[in-house]
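What follows is one structure encoded as structure tokens, with my remarks underneath.
The values are calculated or read from the model by the stated rules, or taken from the named source; none is laboratory data. Keep in mind the model is a prediction, meaning the values are calculated, not measured. Note that we place each Cβ from the backbone using ideal geometry, even for glycine, and neighbour counts take in every protein chain shown. What goes into the accessible areas is simple: the full protein's heavy atoms, side chains included, and nothing from ligands, DNA or RNA. Shrake-Rupley method; radii C 1.70, N 1.55, O 1.52, S 1.80 Å.
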Amino acid sequence: MPVDPIELPYVFNGQVKPGIWRYLLPKEVHAYDIPQERQSTCDDCPQAKFEGYDPVYRCCSYHPIMPNFLLGLALRQPTSAAAVDKLIGEGWVLPEGMQRTPQQWADYLIGLGESGFGEAQVRCPNLNPANGFCNVHAFRNAVCSTFFCIHDHGNKGSHFWLAIEELVSQMESALGQWALNENGFDTKAYYKRMDELAPDMKSVADPVTKCWSKRARKHLWGRHYGKERALLQRCGQSVADNRDKLWEIASSSPILEAVTFDKAMDKLIPAKHRDQIDPEDLDYDAEEVPLKELLGTVRRRYRQLRKVPERLRLSPRVKIEKNPRDDAESRANAHKPFRVDLFCRTKGETVDTTEFLSEAEVAVLNLFRRGRSVSERTLGLPPFKKLTRPMEFLAEQVGKRTLIQPD
């Protein structure tokens, strides 16, 4: 029988995303010429090879939050269904979806402060340690779908993907709560029950596994305890049945929160590690940003991503030298004859970013040592003719601040 497209990976301009993205994103976003993020190669992880990340888990040293409807859709496929059943059995899943416990959240932030991301002992339960693959890859959440360790466009690329992540994350939250209500689950009562757990945070998680304790799950699932799989499936089906109206549904569905519980959870973080908490997570009274505003941010970030000023010059903080081939990273890039270092603005002797480029790419950079207009005449010079996408290369270098506007 034919497979529903909502269950299949979606190729978004070269990037493989979850099948739900076919229906979540507005039409205009589907037409974007998005970055390929060529350096973020998970199968040959540069962070594991050169920065000390765990070679199996890499950037999956993180507890993702997965909305119930994605788990419900994942139950339609054998491999991902087995993974979801395991999550339910181990106590990872609440009615709103896969959620980290306060203890897991604390462990993650403490690990960030002590070891750093990618090296801490937090591990995503969806990753198969035998092969390094994600068992729910076609159903992963917004954060996992938009995270790249290295961006082709530098900070501009990071800002673009963050805008996409914030848009999709808010849709996931809204649709998850809407799906519960559609299936007779009282979300207001659920978040009230969540707040009731705040005075006794030690009882929330199993002391050994640190997943949600049986007591907490019984309290939060209510009459659906023991029938978790069925509710997740119905949530997935509700979203699938309304796939052509998801933007309208998410836009009109207010998002509820367990503020008392969230405050108690943040208090578990030791004072010396509280700087690891995103300041926005501590703004408990913040109003929900309308989806249309988040989409407006995505548009602006995309325009900035593609913008190339009329005049450019090579940044004085850039040093270009031949690839020394004297360490693991330079040897891994032996096919690129040049190394380009960008030094930090505040610490002029500290390298901020490094990339390895071809002879033609370096020749293009050298054209702008004294500043030059980005004109048809410039683009017609010999070095540009050797590049497949010359304007894309310039946009990337502008995003990385290798090329800047003259003063």
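Data overview
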{"read-out": "Condition check for E172: among the acidic types (D, E), farther than 29 Å from D206 by Cα and not in a loop (DSSP other than H, G, I, E, B)", "value": "no"}
{"read-out": "Residues satisfying the stated conditions in the stretch 65-80, i.e. open to solvent by 10 Å² or more (accessible area, probe 1.4 Å) and among the polar types (S, T, N, Q)", "value": "Q77, T79"}
{"read-out": "Search result, residues across the stretch 189-232 that are among the acidic types (D, E) and either part of a helix (DSSP H, G or I) or in contact with a Leu (Cβ under 6 Å, 6 or more places away or on another chain) (or both)", "value": "D195, E196, D200, E228"}
{"read-out": "Scope the stretch 394-407; condition of a type outside the set (V, I, T) and open to solvent by less than 80 Å² (accessible area, probe 1.4 Å); matching residues", "value": "L394, A395, E396, Q397, G399, K400, L403, P406"}
{"read-out": "Yes/no for T41 being on the phi < 0 side of the Ramachandran plot, open to solvent by 50 Å² or more (accessible area, probe 1.4 Å) and free of Cβ contacts under 8 Å to residues at least 24 places away in the same chain", "value": "yes"}
{"read-out": "Breaking point among (1) at pLDDT below 95; (2) open to solvent by 40 Å² or more (accessible area, probe 1.4 Å), for A264", "value": "(2)"}
{"read-out": "Enumeration of residues in the stretch 4-54 that are under 21 Å from A138 (Cβ atoms) and of a type in the set (D, E, K, R)", "value": "D4, E7, K17, R22, E37, D43"}
{"read-out": "Test: L220 is closer than 24 Å to Q77 by Cβ, more than 24 Å from the chain's Cα centre (by Cα) and open to solvent by less than 10 Å² (accessible area, probe 1.4 Å)", "value": "no"}
{"read-out": "Residues being surrounded by fewer than 18 Cβ atoms within 10 Å (Cβ to Cβ) and either in contact (Cβ under 8 Å) with a residue 12 or more places away in the chain or touching a helix residue (DSSP H, G or I) at 6+ places or on another chain (Cβ under 6 Å) (or both) - total across the stretch 1-11", "value": "4"}
{"read-out": "Of all residues making up the stretch 267-281, the number that are open to solvent by 60 Å² or more (accessible area, probe 1.4 Å) and either part of a helix (DSSP H, G or I) or of a type in the set (A, V, I, L, M, F, W, C) (or both)", "value": "9"}
{"read-out": "Subset of the stretch 94-103 that is open to solvent by less than 10 Å² (accessible area, probe 1.4 Å) and touching a strand residue (DSSP E or B) at 6+ places or on another chain (Cβ under 8 Å) - its residue that is nearest to V239 (Cα to Cα)", "value": "G97"}
{"read-out": "Helices (runs of 4 or more DSSP H) (entirely within the stretch 302-393) containing at least 3 residues that are open to solvent by 30 Å² or more (accessible area, probe 1.4 Å) and under 18 Å from R38 (Cβ atoms)", "value": "none"}
{"read-out": "Pair list, Cβ < 8 Å and 6+ apart or interchain, from the stretch 360-372 residues that are touching a residue at least 40 places away in the same chain (Cβ under 8 Å) to residues that are surrounded by 16 or more Cβ atoms within 10 Å (Cβ to Cβ) and among the polar types (S, T, N, Q)", "value": "L365/Q397; L365/T402; R372/T378"}
